[in-house]
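Colleague: For reference, the structure I am asking about is given below.
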Amino acid sequence: MTRRLRVAGVDEAGRGPLAGPVVVAAVVLHPKRPIAGLDDSKKLTEKRREALYPQIVERALAWRIEFVGVEEIDRINIYHATHAGMTRAVQALAPAAERVLVDGNRLPPGLPCPARAIVGGDASEEAIMAASILAKVARDRAMVALHAQFPAYGFDRHKGYSAPSHFAALERHGPCIHHRRSFAPVSRLLAPAPTAPALADLFDTPVLA
């Protein structure tokens, strides 16, 4: 009997927020331990995601979650940071993946085995669905933990996304260490304000006839 390849699904959570890490997960599902109710994490309620998370961790043949922090995001940009996290997650799987399915239209460099990018893969491939759930739950939990350190920003509610309440908190308090300084709404707040001319300078300006 031909053995089934170990196929890893890969997905991320948190590419768009203004704060916090981007989180990547890779999952190899066990063919003899099915998990009922898998779906794209965005289509599931928070309660359902939390219920599926321990099932995936317990029943998967292999899984890995990678956190890519704001320092790396700001240094190499969110696109490359996400791909770096994907590669690290796949490389850390044990047993190793023999094929990789990535949600999206681009493959990260450095994958250790053949791979395919699938647009909308989190709605069609169960391994990617499982990865999307692990990444989403892990990131949401991380943002709740950041809220305990920086309660003024409301990270527990908007999870770092561009919510009106988040913009208001940024205007009021400025960015914290977990904000992505390479993202325009944050970098604008860090730019030095233009200085007004001193009163004496106004009167020293020559008047042209």
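The values are calculated or read from the model by the stated rules, or taken from the named source; none is laboratory data. All figures in this text were calculated on a predicted structure; none of them were measured in a lab. Methodologically, a virtual Cβ is constructed for each residue, glycine included, from the backbone with ideal geometry; neighbour enumeration extends over all protein chains shown. The protein model used for the area step is the full one, side chains on, heavy atoms only, and it has no ligands, DNA or RNA in it. Shrake-Rupley method; radii C 1.70, N 1.55, O 1.52, S 1.80 Å.
Colleague: In segment 137-189, which residue that is aliphatic (A, V, I, L, M) and open to solvent by 80 Å² or more (accessible area, probe 1.4 Å) is farthest from Ile78 (Cα to Cα)?
Modeller: Looking at residues that are aliphatic (A, V, I, L, M) and open to solvent by 80 Å² or more (accessible area, probe 1.4 Å), I get Ala148.
Colleague: Now, a different point. Regarding Ala81, is this residue within 29 Å of Arg181 (Cα to Cα), among the small types (Gly, Ala, Ser), part of a helix (DSSP H, G or I) and out of contact with any Gly (no Cβ under 7 Å at 6 or more places or on another chain)?
Modeller: It is true that Ala81 is within 29 Å of Arg181 (Cα to Cα), among the small types (Gly, Ala, Ser), part of a helix (DSSP H, G or I) and out of contact with any Gly (no Cβ under 7 Å at 6 or more places or on another chain).
Colleague: Here's something else I'd like to know. Would you check if there is a residue in segment 6-17 being open to solvent by less than 40 Å² (accessible area, probe 1.4 Å) and over 24 Å from Tyr79 (Cα atoms)?
Modeller: no
Colleague: I would also like to ask the following. With the requirement that a residue be under 19 Å from the mean Cα position of the chain (by Cα) and of a type outside the set (A, V, I, L, M), what does segment 19-38 give you?
Modeller: Passing the criteria: Gly20, Pro21.
Colleague: Oh, and also: Being of a type outside the set (Val, Ile, Thr) and either farther than 27 Å from Leu5 by Cβ or surrounded by fewer than 17 Cβ atoms within 10 Å (Cβ to Cβ) (or both) is the requirement here; does Glu46 meet it?
Modeller: yes
Colleague: Can you go through Ile73, Ile65 and tell me which one is within 22 Å of Val144 (Cα to Cα) and crowded, with 22+ Cβ neighbours inside 10 Å?
Modeller: Ile73
Colleague: For residues that are within 16 Å of Ala131 (Cβ to Cβ) and among the aliphatic types (A, V, I, L, M), scanning just segment 39-55, find the one that is farthest from the chain's Cα centre (by Cα).
Modeller: Here the answer is Leu52.
Colleague: Out of segment 112-167, which residues are of a type in the set (Ser, Thr, Tyr) and assigned to a loop (DSSP other than H, G, I, E, B)?
Modeller: Ser124, Tyr161, Ser162
Colleague: Could you list all residues from segment 89-111 that are in a helix (DSSP H, G or I) and open to solvent by less than 40 Å² (accessible area, probe 1.4 Å)?
Modeller: Ala89, Val90, listed by residue number.
Colleague: Hey, another quick one. Among (1) open to solvent by 20 Å² or more (accessible area, probe 1.4 Å); (2) under 20 Å from Arg4 (Cα atoms), where does Leu38 come up short?
Modeller: In the conditions (1) open to solvent by 20 Å² or more (accessible area, probe 1.4 Å); (2) under 20 Å from Arg4 (Cα atoms), Leu38 misses (2) alone.
Colleague: Yes or no: segment 45-57 includes at least one residue that is touching a Lys or Arg at 6+ places or on another chain (Cβ under 8 Å) and closer than 30 Å to Leu189 by Cα.
Modeller: no
Colleague: Same structure again: Please indicate, with yes or no, whether at least one residue in segment 16-28 is closer than 30 Å to Pro185 by Cα and out of contact with any Phe, Trp or Tyr (no Cβ under 9 Å at 6 or more places or on another chain).
Modeller: no
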